[in-house]
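Bear in mind these aren't lab numbers, they're just calculated from the coordinates by the rules spelled out. These figures come from a predicted structure and were not determined experimentally. Counting neighbours? That spans all protein chains shown, and the Cβs are built from the backbone with ideal geometry, glycine included.
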Amino acid sequence: MLFKVLFEVQGLSKAFGRIQALADVSFQVREGEVLGLIGPNGAGKSTLFECLAGVLPSNSGQVLEGGRPVVTRERSTLLFYVPDGIAPWPAQSVRWALEFTIGFLGGRANLLDEVVEQMDLRQLLDQPIGTLSKGQRKRALLAIGLLTPQPALLIDEPFEGLDLRQARDIAVALRAHAARGRTLFLSIHQIGDAARFCDRFVLLNSGRVRGEGTVEELAALAQQPSQDLEEVFLALT
């Protein structure tokens, strides 16, 4: 399957004092793909997403769209970032958050009912976000993300806090949105989950990209006969 490049990251670096969290990170994100950012805890995955979204300033590097640099203040038209483990507007209801996403953020009103059903939120619409369980909050956050208008959606740990059935249902829903052209860039620390779901992968370890591509391309890079993503990741890192 051929993909058009949506945006490209070149030479992105971020340091916290003497700690180099990201070092010369470069890769492509393609239209309509499910791209997995995989690596162990502490690899720099969340830092990378925060730098791309402008939550953290990077020390160097750039994001290019069609060969043109996209400065930080312009990235909100290109991508939307869904962090893990947050409770936005905790005193407000799930319904309020979804309507705010549509009304204030210019979200996709035509998808509201569909997304509510996909994320199994019908019984939670009038519940304050701050009272939701971890899994319920994750589903609400995913719904907010899916309603946003940006072509690329960055999601940190999309399956965290979900049981097996919920994770499978949400994987199907996310894949349906990607099939319509929405680009999904997902940070996943469970390599098995990523292998089942993603089209391509960016392997990140110790703040550096160790490989980018499909499982087949990464296996060739690692000179591995096996196309098991875990084995390929270990060979490249």
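Tabulated values for the structure
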read-out: Peptides 132-143, 6-17 ordered by average Cβ neighbours within 10 Å, highest first; value: 132-143, 6-17
read-out: Longest to shortest principal axis, alpha-carbon extents of segment 22-76, angstrom; value: 32, 27, 20
read-out: Relative contact order (%) - segment 20-158, alpha-carbon pairs under 8 angstrom, separation at least six; value: 28 percent
read-out: Computed over segment 86-149: relative contact order in percent, which uses C-alpha pairs under 8 Å that are six or more apart; value: 53 percent
read-out: Per-residue ³J(HN,Hα) for segment 191-206, Karplus 6.51 cos²θ - 1.76 cosθ + 1.60, θ = phi - 60°, Hz, x for Gly and Pro; value: 4, x, 4, 5, 4, 6, 10, 8, 7, 9, 9, 10, 8, 10, 8, 6
read-out: Whole-number Å³ per residue for the convex hull built on Cα positions in segment 86-149; value: 68 Å³
read-out: Radius of gyration and Dmax over the Cα atoms of segment 1-46, both given in Å; value: 13.0, 42
read-out: Contact order relative to length of the chain, as percent, for alpha carbon pairs under 8 angstrom and 6 or more apart; value: 26 percent
read-out: Coil-residue trypsin sites (Lys or Arg not before Pro) of segment 156-187, DSSP, other Cβ within 10 Å capped at 11; value: Arg180
read-out: From the C-alpha gyration tensor of the chain, square roots of 5λ in Å; value: 29, 20, 17
